Amino acid sequence: MAKKKKPHVWICFGFGESNNERREALELYSRAFGAVKTWEAFADSENALHLGMDFYDMNVMIAAGDVPGGACIHYSDEKELRRAYEVLAQDAKSAKIDSYPWAKVGANVTDKYGVSWWLHTDGE
């Protein structure tokens, strides 16, 4: 029997007026925690730089946006993503699920406790 692939979890921080500010944050975290950049990508505009880094065996993403902190979870199983979304969306402060160029299914949820979640699958 094949072992089921678990979702991939990231700690996410969305901030910064500019790509340069997000790069400066990565440099700061590199000095403070020994963080190592693992990837860099643009979401939907040239000023929407997202940076992935690893430190203390944690996956951390600095993203463009005004969400101060939360978790990002990458799912290989869309049904599992939708199940989690339905649970988190109950009594949520905000919840939106849609399709994006970088994610076939993506959901932004701020749950009833104020915790921000970005749930997504791969792009098409």
Relative to the longest principal axis of the chain, what angle (0 to 90°, nearest 10) does the C-alpha long axis of helix 78-89 take? 90
Which lysines, if any, have their Cα less than 20 Å from the Cα of residue 4, not counting same-chain residues under 8 positions apart? 79
What's the longest piece of the chain with no exposed chymotrypsin sites (Phe, Trp or Tyr not before Pro), counting a site as exposed if DSSP puts it in a loop and it has at most 10 other beta carbons within 10 Å? 57-112
Helix-only CD estimate at 222 nm, as mean residue ellipticity for the chain, using -39500 (n - 2.57) per DSSP H run (n ≥ 4): -7000 deg cm²/dmol
Does segment 1-52 classify as rounded, prolate or oblate by the C-alpha gyration tensor (a ≥ b ≥ c root eigenvalues; a/c under 1.5 gives rounded; else a/b over b/c gives prolate, otherwise oblate)? oblate
Return a whole-number percent for the relative contact order of the chain, with Cα pairs under 8 Å and 6 or more residues apart as the contact set. 24
Between [x] 100; [y] 177; [z] 123, which entry matches volume of the Cα convex hull per residue in Å³ as derived from the coordinates of this structure? [z]
Full extension from residue 27 to residue 91: what is 0.36 nm times the residue separation minus their Cα-Cα distance, to one decimal in nm? 19.2 nm
From a point 7 Å beyond the Cα of residue 48 in the direction of its Cβ, which residues of segment 62-100 have a backbone N at a distance under 11 Å? 64-65, 100
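Every number here is computed from the coordinates shown, using simple stated rules; none is lab data. All of these numbers come straight from a predicted model, not from anything done at the bench. Virtual Cβ from ideal backbone geometry, glycine too; neighbours counted across all protein chains shown.
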